[in-house]
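Visitor: Provided herewith is a single structure, encoded as structure tokens, for subsequent inquiry.
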Amino acid sequence: MKSELFKSRNQIDADKYFFAKYYVECSKNLASAAWNIAIGQSVGNPSSRSVWETDELFENHSCLIVGDMGDMSNEKTGEVTIAFPVINIDFKTDGVAHLLVNVMGGQMDIAEIKKCKLIDIDFPECVSDCFMGPKYGIDGIRKFTGVYNKPLLGGILKPKTGVSPQVMLEMVKEMVEGGVNFIKEDEILSSPSFCKIEDRVPLIMDYLKDKNVVYCVSIHSDPAYILERVKQVYELGGNGIHVNFWCGLGVYKNIRELDLPLFMHFQKSGDRVITNPDHQFSISWPFMCKLAGMMGVDFIHSGMIGGYYPADEEEVLAAIEQSRNQGTLPALSCGFHPGLVDQINEQVGVDYLANVGGAMHGHPSGTKSGAIAMRQAIDGERGKEYREAIYKFVNS
């Protein structure tokens with residue numbers, strides 16, 4: 001039976017399986033490791049068969065291993081592709097949570113598997129159809145803001161927490177007057193007693209009502225509350241929400257399925273707990289960006305080029321490409337300042353959000369001047385504010 005699970009890709013019905021690609025390091029060989037993943041993540045215990053495992057059950061519900069058993073028996077490291085039966089998951093209701101249970105679960109408990117990284121998943125159309133994709137995406141964002149053929153300018157509210165709604169409003173005014181297209185509350189803020197969502201959102205959105213600025217409200221909370229907060233932001237007149245990775249990956253799909261007229265921003269801070277490639281078990285960040293786009297996020301913090309973000313540049317570039325393939329606008333932040341705009345444009349083009357916090361509020365002449373400096377960098381009209389920023393953030 002073991003050899004029967006090894007198939008070439010063209011022997012497998014691509015409409016009935018999704019294909020997960022892994023990088024694996026093991027103590028025995030890749031054939032054994034693949035068997036452990038395939039059986040352990042579908043029908044049973046990898047090392048023990050039972051009378052309940054009928055031929056029909058194996059035929060319909062066991063994972064398959066893409067490749068030749070003999071070739072894989074000679075290697076201890078390399079890529080392994082496992083075909084998972086679509087029938088094992090109700091993608092509409094089991095969703096992303098159960099998908100991840102299937103693809104990144106029991107193999108972490110197998111002694112011979114020393115490292116296992118999920119690189120990517122190819123989904124058949126029947127699975128992709130269960131995901132709505134971005135409500136607005138790159139095209140909708142550009143239409144709303146009226147910004148074409150150049151990066152969008154975003155600002156992050158700082159200090160991260162501790163300010164009142166009135167102080168937040170003053171910061172927003174300076175950022176908008178400086179030329180931002182997007183504002184994000186920091187993930188450290190949610191709905192504390194001194195700055196409740198119901199107090200700050202009406203105040204800020206009243207100011208923004210005639211301005212084409214996306215404002216993403218930080219709504220981080222547990223499952224029982226977060227969907228209610230999405231509805232609350234909408235009812236209070238908001239036009240965007242900021243949802244951090246720690247709120248749970250499946251929640252993005254759930255929010256999108258509410259189908260409310262809200263821009264959704266995916267904040268990655270914290271993701272490296274599971275995406276760091278140096279870990280024994282991980283999920284690639286570019287695949288996470290692909291999944292986020294399928295789930296329906298409009299913006300995603302993809303990483304940073306040239307700032308203080310620690311990831312490999314190739315990983316960031318791959319994440320940007322994956323996001324754009326899904327119609328999601330990649331946001332670059334973590335040390336963005338005016339001196340980086342030209343370099344980043346050369347590397348990735350102009351379909352991205354330049355999201356700035358410290359370099360905007362830390363400008364020598366204040367927040368408004370920090371926004372103007374970024375605006376000048378993006379528009380190519382370099383003035384006094386730009387020169388001041390370069391002196392502080394590049395030359396000092």
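The values are calculated or read from the model by the stated rules, or taken from the named source; none is laboratory data. Fair warning: this is a prediction, and the values are worked out from it, not measured in the lab. Note: ideal-geometry Cβ built from the backbone for every residue, glycine included; neighbour counts use all protein chains shown.
Visitor: Looking at (1) among the aromatic types (Phe, Trp, Tyr); (2) over 23 Å from Leu329 (Cα atoms); (3) under 19 Å from the mean Cα position of the chain (by Cα), which is the only condition Phe84 fails?
Guide: (3)
Visitor: Let me ask something additional. If you take the residues in segment 45-80 that are touching a strand residue (DSSP E or B) at 6+ places or on another chain (Cβ under 9 Å) and of a type in the set (A, V, I, L, M), which one is surrounded by the most Cβ atoms within 10 Å (Cβ to Cβ)?
Guide: Ile65
Visitor: For segment 124-158, how many residues are part of a loop (DSSP other than H, G, I, E, B), touching a residue at least 12 places away in the same chain (Cβ under 8 Å) and surrounded by fewer than 21 Cβ atoms within 10 Å (Cβ to Cβ)?
Guide: 10
Visitor: What are the residues in segment 36-86 that are β-branched (Val, Ile, Thr), assigned to a strand (DSSP E or B) and either farther than 18 Å from Pro124 by Cα or in contact with a Cys (Cβ under 7 Å, 6 or more places away or on another chain) (or both), if any? Lay out the reasoning, then the answer.
Guide: Residues of segment 36-86 β-branched (Val, Ile, Thr): 37, 39, 43, 51, 54, 65-66, 77, 80-82, 86.
Checking the rest, the ones that are also assigned to a strand (DSSP E or B) come to 65-66, 77, 80-82.
Once the filter is applied, which keeps residues that are β-branched (Val, Ile, Thr), assigned to a strand (DSSP E or B) and either farther than 18 Å from Pro124 by Cα or in contact with a Cys (Cβ under 7 Å, 6 or more places away or on another chain) (or both), segment 36-86 yields Thr77, Val80, Ile82.
Visitor: Just checking, which of Asp210, Asp259, Asp222 is assigned by TED's automatic domain parsing to the domain that holds Met360 and touching a residue at least 60 places away in the same chain (Cβ under 8 Å)?
Guide: Numbers: Asp210 fails: touching a residue at least 60 places away in the same chain (Cβ under 8 Å); Asp222 fails: touching a residue at least 60 places away in the same chain (Cβ under 8 Å).
Only one candidate qualifies: Asp259.
Visitor: Taking segment 329-354, which residues are under 19 Å from the mean Cα position of the chain (by Cα) and among the aliphatic types (A, V, I, L, M)?
Guide: Matches in segment 329-354: Leu329, Ala331, Leu332, Val348, Leu353, Ala354.
Visitor: OK, next. Among Phe336, Phe287, which is the only one that is assigned to a loop (DSSP other than H, G, I, E, B), over 15 Å from Asp351 (Cα atoms), in contact with a strand residue (DSSP E or B) (Cβ under 8 Å, 6 or more places away or on another chain) and modelled with pLDDT of 95 or more?
Guide: On the way: Phe287 fails: assigned to a loop (DSSP other than H, G, I, E, B).
Every option except Phe336 fails the conditions.
Visitor: Can you tell me which residue within segment 182-199, out of those that are touching a residue at least 60 places away in the same chain (Cβ under 8 Å) and surrounded by 19 or more Cβ atoms within 10 Å (Cβ to Cβ), is farthest from the chain's Cα centre (by Cα)?
Guide: So, considering only residues that are touching a residue at least 60 places away in the same chain (Cβ under 8 Å) and surrounded by 19 or more Cβ atoms within 10 Å (Cβ to Cβ), the one farthest from the chain's Cα centre (by Cα) is Phe182.
Visitor: For segment 340-396, give me the residue count where each residue is over 17 Å from Ile183 (Cβ atoms) and assigned to a helix (DSSP H, G or I). Let's see the steps before the verdict.
Guide: Step one: list which residues in segment 340-396 are over 17 Å from Ile183 (Cβ atoms), which gives 340-351, 364-365, 376-377, 379-396.
With assigned to a helix (DSSP H, G or I) added as a condition, the list becomes 340-348, 376-377, 379, 384-395.
Of the residues in segment 340-396, 24 are over 17 Å from Ile183 (Cβ atoms) and assigned to a helix (DSSP H, G or I).
Visitor: Looking at Ile156 and the list (1) in contact with a strand residue (DSSP E or B) (Cβ under 8 Å, 6 or more places away or on another chain); (2) over 30 Å from Ile197 (Cα atoms), which single condition is not satisfied?
Guide: Every listed condition holds for Ile156 apart from (2).
Visitor: Something else now. Suppose we keep only residues that are farther than 19 Å from Asn102 by Cα and in a strand (DSSP E or B) within segment 13-31. Which one would you say is nearest to the chain's Cα centre (by Cα)?
Guide: Of everything passing the filter in segment 13-31, Glu25 is nearest to the chain's Cα centre (by Cα).
Visitor: Exposed (fewer than 15 other Cβ atoms within 10 Å of the Cβ), in the same structural domain as Leu329 (by TED's automatic domain parsing) and β-branched (Val, Ile, Thr): which single residue out of Val273, Val243 fits that description? If you could, list the steps in order and put the result at the bottom.
Guide: Values: Val243 fails: exposed (fewer than 15 other Cβ atoms within 10 Å of the Cβ).
From the options Val273, Val243, the qualifying one is Val273.
Visitor: Got a sec? Which of Ser73, Ser27 is out of contact with any helix residue (DSSP H, G or I) (no Cβ under 8 Å at 6 or more places or on another chain) and more than 29 Å from Met132 (Cα to Cα)? Show your work before the answer.
Guide: Values: Ser73 fails: out of contact with any helix residue (DSSP H, G or I) (no Cβ under 8 Å at 6 or more places or on another chain).
Checking each option against the conditions leaves just Ser27.
Visitor: Failed condition for Ser42, given (1) closer than 21 Å to Glu4 by Cα; (2) surrounded by fewer than 15 Cβ atoms within 10 Å (Cβ to Cβ); (3) at pLDDT below 95, with all others met?
Guide: (2)
Visitor: Condition first: in a helix (DSSP H, G or I) and among the β-branched types (Val, Ile, Thr). Now tell me which residues in segment 233-275 satisfy that.
Guide: Residues satisfying the conditions are Val233, Val251, Ile255, Val273, Ile274, Thr275.
Visitor: Just to verify a result, which residue in segment 290-301, among those that are within 8 Å of the chain's Cα centre (by Cα) and in a strand (DSSP E or B), is nearest to Leu258 (Cα to Cα)?
Guide: Here the residue is Ile300.
Visitor: Same structure, new question: So, Gly248, is that one buried (at least 24 other Cβ atoms within 10 Å of the Cβ), over 30 Å from Glu174 (Cα atoms) and touching a residue at least 60 places away in the same chain (Cβ under 8 Å) or not?
Guide: On the way: buried (at least 24 other Cβ atoms within 10 Å of the Cβ): no; over 30 Å from Glu174 (Cα atoms): yes; touching a residue at least 60 places away in the same chain (Cβ under 8 Å): yes.
It is false that Gly248 is buried (at least 24 other Cβ atoms within 10 Å of the Cβ), over 30 Å from Glu174 (Cα atoms) and touching a residue at least 60 places away in the same chain (Cβ under 8 Å).
Visitor: Do we find that Gly306 is surrounded by fewer than 22 Cβ atoms within 10 Å (Cβ to Cβ) and either out of contact with any helix residue (DSSP H, G or I) (no Cβ under 8 Å at 6 or more places or on another chain) or modelled with pLDDT under 95 (or both) in this structure?
Guide: Numbers: surrounded by fewer than 22 Cβ atoms within 10 Å (Cβ to Cβ): yes; either out of contact with any helix residue (DSSP H, G or I) (no Cβ under 8 Å at 6 or more places or on another chain) or modelled with pLDDT under 95 (or both): yes.
Yes; evaluated as a whole, the condition is true for this residue.
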